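A.B. asks: The structure that follows is given in the form of structure tokens.
The values are calculated or read from the model by the stated rules, or taken from the named source; none is laboratory data. All figures in this text were calculated on a predicted structure; none of them were measured in a lab. Heads up, the Cβs are rebuilt from the backbone with ideal geometry, glycines too, and the neighbour counts pull from every protein chain shown. Accessible surface is based on the protein model in full, side chains and every heavy atom, while ligands, DNA and RNA are left aside. Shrake-Rupley method; radii C 1.70, N 1.55, O 1.52, S 1.80 Å.
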Amino acid sequence: MPPPKDVVKIAIQMVGAIPQLIELQQVLPSTRKPPCRTPHPSSRPTSRLQTKPLASVLKDVCDAWSLPNAERYALQYADGRQTYITESNRGEIKNGSILQLTTSPDQEAERLYSGIQSNNSDVKTDSLKKLANLSQDVTFAQEFISRNGLKQIFHIVEEGNDTGEMLAHTLKAFMELMEHDFVSWETLSAAFIKKIVSYVNMNAVDASVQQLSLSILENMVPTSRLLFELVKKEVTLDRLLTHLQVTNAQLQLKAMALLIALLLAATDAELRDMMDYLRERNIRQFIHKNIIHSSEPLGDEMAHYLYVLQSVTLNLCERRMRTSMDPYSQEQRELLQSLRQTAFESESEAPASNFSTERRRSLCAKEFRKLGFTNNSNPAEDLRRAPPGLLALDNMVYFSRHTPNAYSRFVLENSSREDKHECPFARSSIQLTLILCEILHVGEPCSETAQAFYPMFFGQDHFFEELFCICIQLVNKTWKEMRATQEDFDKVLQVVREQITRTLSLKPTSLELFKTRVNVLNYSEILKLRQTERLHQEETLAVPVLELRERLKPELLELIQQQRLLHLCEGTLFRKISSRRRQDKLWYCRLSPNHKVLHYGDVEEGVHSPPIESLPEKIPVADMKMLLVGKECPHTKEKSSGKQNKDVLELAFSIVYDVEEYCLNFIAPTRYEFCLWTDGLNVLLGKEMTSERTQTDLDVLLSMELKLRLLDLENVSIPDNPPPIPKPPSNLNFCYDFSHTEQ
């Protein structure tokens, strides 16, 4: 007979004693629902209310083992992070949980507070090591901080000369204590900050100390303008570049994290100055050589930081992109005139001074028309549209100055064609600049989770301009292949967009490789690809085939459901994200093989597929109530900034479970994982799979199955209507009469 739902059976163990098996009686859930929060062993909402106070439970346990002073003890999970059990999180105790009796948080905090002040270096080091471990628990952290423990940590850092293991434990403990947000980063003393900075700037110091110091500074930078300026002044960009050249991948990662934090916190003027300096110091070369082409595989965190650096760099083009041309600006008019002079220098050089003003104006208008400007008399009007604004002019000037032969060939070649067949250079450049801005997301805010960077970006200075130079020549090439006229302008640019997008999706490692691949992908290849995709997407619309599709759907949907559940059984690594900063912490979730329980728990970096036994937290599938996605999720509503990043909303989903409707909150690493998990959870809830991936997979499977079944009917036309049924015969005498069977 199963135990009542209001009883939790647990085991409590202690070193040197026989474990106790106890039952906790529970009352009915309260009518007030606590808020949904992201599950965390130290901060999850209570799922039920026990009748007996925790202090009474502890006294009973201590009495059973004849232990006096029950108030000096506490219960703690025996596995995982060994979180202390408190009145606020005791409701998370599940049937079959194993707890251990240990020293209470206040007693442990007092003991370690004394231990870190010991004159014995071994005792001090051991105390700091245990402090770094226990500080992950919010209850212990609160007790230690209330004893002014952080002041003692500051003293150890400020006054100590150790740069080895003891210091590493001290900084680790400090990081964990600050993670709970009980103390503001702005309260740190200048002496403490300068000491942390010194560890970053020192050469002869343990790598783990430098990593922790970089992490501390990274957390300080976004919290206040004063701290940003202090860190920016004390930690030079040259020093961060030095750290990027080491072979230690973790040290590279922390240095990159601090660099990104500084860039994101800087003003526009500061950001431009910093990026100019980094460009002078060849940061792309460091990244290309020491990180992208390192022997170590590129982790998710580093991929994200490279994406952010790429995005920040490209967004430097935003100001020019959103600025219209000023026809009264002498500088801008000179840039415009330089385009004409470079293209038609030999034609207009000698006699221009002898022409009248009217003749000169007419000649300029003619040359601007040959350059492809729509408004010949006032070409500045073509650049009034923003975006792409002045960025288009910058690209045209760059192309004319850095590849003058290709520029002249483009302009003169089209000048010799018929008017309707010429490819307008200026108009094409303006539209191409806009297309590149859209493809590269210029002017868009950085995503909190994206990792999609282009390796070739870090192998080339002036990436955007160089990419433009390749693509504008591609426009001319595609124009000729399509034998286009002025009416086909939009069609040509659509093909060019497709050529660029398809080539970028291959992640070429250099611009030369991009150039080779994009030129191979000519117009005829694009037509072939389109035709192939169309054949995959389009099925014959004959009624019998449509009926066959409908008959096949249930079977194939069941196959997709099985695949989704298998994926949930394999599990996925999720990353915790807070509004304050990108988190390093990971957690894993997977479905049990019998599809009855979801297992989840925190994991360390580098663990890709932990065994199901190592995941301490469980949610019975039977307790799951509903699935929330996007803006409906509680963890997307909790962000205080109010500026929801679009991609985070697209990847967020939550499981509502238990009687009081608590939430297990997810941010999927990719859209693909989001689709598979939401589909799988809907299957477990007995609902339809609603993701776009379901429809895509169903279409692919239907296409394959139909082609296999219709293989024998190739080149046979299938009628829309079935053949007519003939009229019944006038008599049925031809039927055999079974009543006269022989005996």
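A.B. asks: Pull out a ≥ b ≥ c, the square roots of the eigenvalues of the alpha-carbon gyration tensor of segment 106-301, then state rounded if a/c is under 1.5, prolate if not and a/b is larger than b/c, and oblate in the remaining case.
C.D. replies: Prolate shape, in that a/c is at least 1.5 and a/b is the bigger ratio.
A.B. asks: In nm, what is the difference between 0.36 nm times the number of residues separating Glu296 and Gln330 and their Cα-Cα distance? All intermediate terms of the calculation are to be shown ahead of the outcome.
C.D. replies: Values: separation 34, 0.36 × 34 = 12.24 nm, distance 5.18 nm.
The span from Glu296 to Gln330 would gain 7.1 nm if fully extended.
A.B. asks: Between Ala207 and Ser592, with labels modelled 7 Å along Cα→Cβ, what's the label distance in nm to one decimal, could you check?
C.D. replies: Output for this residue pair reads 4.2 nm.
A.B. asks: Can you compute the helix-only [θ] at 222 nm over the chain? Use -39500 (n - 2.57) per DSSP H run of at least 4 residues, normalise by all residues, nearest 500 deg cm²/dmol.
C.D. replies: Estimated from H runs of four or more residues: -16000 deg cm²/dmol.
A.B. asks: Let me ask something else about it. Run the numbers for Glu438 and Thr690: contour at 0.36 nm per residue of separation, minus the present Cα-Cα distance, in nm.
C.D. replies: 87.8 nm
A.B. asks: List the pairs from Lys232/Lys289; Lys576/Lys637; Lys124/Lys151 whose alpha-carbon separation is above 19 Å, in the order I gave them.
C.D. replies: From the list (Lys232/Lys289; Lys576/Lys637; Lys124/Lys151), the Cα-Cα distance tops 19 Å for Lys232/Lys289.
A.B. asks: Moving on to the next point. Hey, any idea what % of the chain's accessible area is carbon plus sulfur with a 1.4 Å probe?
C.D. replies: Carbon with sulfur: 51 percent of the solvent-accessible area.
A.B. asks: If R0 is 41 Å, what FRET efficiency do you get for Asn376 and Thr509 from their C-beta distance, rounded to 0.05? Spell out each step's value before the answer.
C.D. replies: On the way: r = 43 Å, r/R0 = 1.04.
The pair Asn376/Thr509 has a calculated efficiency of 0.45.
A.B. asks: If you take every DSSP beta bridge whose two residues both sit in the chain, what share of them, in percent to the nearest 5, is antiparallel? Can you show the working numbers first?
C.D. replies: Working: 39 of 42 bridges.
Percentage antiparallel, nearest 5: 95.
A.B. asks: How much length, in nm to one decimal, is gained on full extension between Arg281 and Lys151, taken as 0.36 nm per residue of separation minus their Cα-Cα distance?
C.D. replies: 42.8 nm
A.B. asks: Take Ser121, project a point 7 Å from its Cα along the Cβ direction, then tell me which residues of segment 141-173 have their backbone nitrogen under 15 Å from it.
C.D. replies: The answer is 160-169.
A.B. asks: Still on this structure, please answer the following. Indicate the helices, whole DSSP H runs only, in the chain that combine a mean Kyte-Doolittle hydropathy of -1.0 or more with a Cα extent along their long axis of 30 angstrom or more.
C.D. replies: Details: long enough: 543-570 (40 Å, -0.08).
Once both thresholds are applied, what remains is 543-570.
A.B. asks: Mind checking the per residue accessible area of the chain for me, 1.4 Å probe, whole number of Å²?
C.D. replies: Values: 38290 Å² over 743 residues.
Value for the chain: 52 Å² per residue.
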